[in-house]
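To start, the structure itself, in structure tokens.
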Ligand code: HEC
């Protein structure tokens, strides 16, 4: 009879496992956000930032518009969505002969989106 009132061992174990799974899910979604989110889900923002400074995008933009060069990015101008932003970066890539890989173009577009366009 007493046996029926004894707590089985597994629920505690299962609760701990569930907690681990929940924590993992929370971390994964946090990571997804840190990597761009929105239309640039799996973009590598750190890579994008590095490429933007390596290729001196801002230096040339500065010569055109002054300030820190960011006035060249006009969220309400001709670029109206994430796809057009990616296409524009691709165009710069080709035009400037940078030979960027598609994921590098995507990473740059993601950083510009985070800092300027916010699609
Ligand atoms: C040699 C100079 C030069 C360099 C280097 C350069 N750009 Fe540009 N970029 C321009 C000019 C000029 C414009 C504006 C063109 C216009 O208004 O017709 C522009 C416009 C843009 C725009 C469009 C802005 C908007 O909202 O209309 C994006 C995006 C852009 N550049 C990204 C980049 C990125 C990313 C890099 C570096 C990989 C880069 N550019 C390097 C000259 C340059």
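Can you tell me which residues in region 93-115 are near the ligand (Cβ under 10 Å from one of its atoms) and surrounded by fewer than 16 Cβ atoms within 10 Å (Cβ to Cβ)?
Hits for region 93-115 are 95, 96.
Keeping to region 70-83, report how many residues are surrounded by 14 or more Cβ atoms within 10 Å (Cβ to Cβ) and within 9 Å of the ligand (Cβ to nearest atom).
Of the residues in region 70-83, 3 are surrounded by 14 or more Cβ atoms within 10 Å (Cβ to Cβ) and within 9 Å of the ligand (Cβ to nearest atom).
Regarding region 14-35, can at least one residue be identified that is in a loop (DSSP other than H, G, I, E, B), farther than 23 Å from residue 96 by Cβ and modelled with pLDDT under 90?
Scanning region 14-35, I find at least one residue that is in a loop (DSSP other than H, G, I, E, B), farther than 23 Å from residue 96 by Cβ and modelled with pLDDT under 90, so the answer is yes.
Please state which of the following conditions residue 75 fails to meet, knowing it meets all the rest: (1) in a helix (DSSP H, G or I); (2) touching a helix residue (DSSP H, G or I) at 6+ places or on another chain (Cβ under 9 Å).
Here residue 75 clears every test but (1).
Got a number for residues in region 91-118 being under 12 Å from the mean Cα position of the chain (by Cα) and in a loop (DSSP other than H, G, I, E, B)?
Result for region 91-118: 1.
Which of (1) within 7 Å of the ligand (Cβ to nearest atom); (2) more than 19 Å from residue 46 (Cβ to Cβ); (3) not in a helix (DSSP H, G or I) does residue 88 not meet, given it meets every other one?
(3)
Looking at region 84-109 only, could you name the residues that are farther than 18 Å from residue 61 by Cα and touching a residue at least 24 places away in the same chain (Cβ under 8 Å)?
100, 103, 104, 106, 107
Look at residue 60 and say whether it is part of a helix (DSSP H, G or I), over 19 Å from residue 114 (Cα atoms) and near the ligand (Cβ under 6 Å from one of its atoms).
yes
If residue 46 satisfies all but one of (1) under 21 Å from residue 105 (Cα atoms); (2) modelled with pLDDT of 80 or more; (3) in contact with a helix residue (DSSP H, G or I) (Cβ under 6 Å, 6 or more places away or on another chain), what's the number of the condition it fails?
Looking at each condition in turn, residue 46 falls short on (3).
The values are calculated or read from the model by the stated rules, or taken from the named source; none is laboratory data. Here the structure is a predicted model, which is why all the values come from computation and not from measurement. Cβ atoms come from the backbone with ideal geometry, glycine included; neighbour counts cover every protein chain shown.
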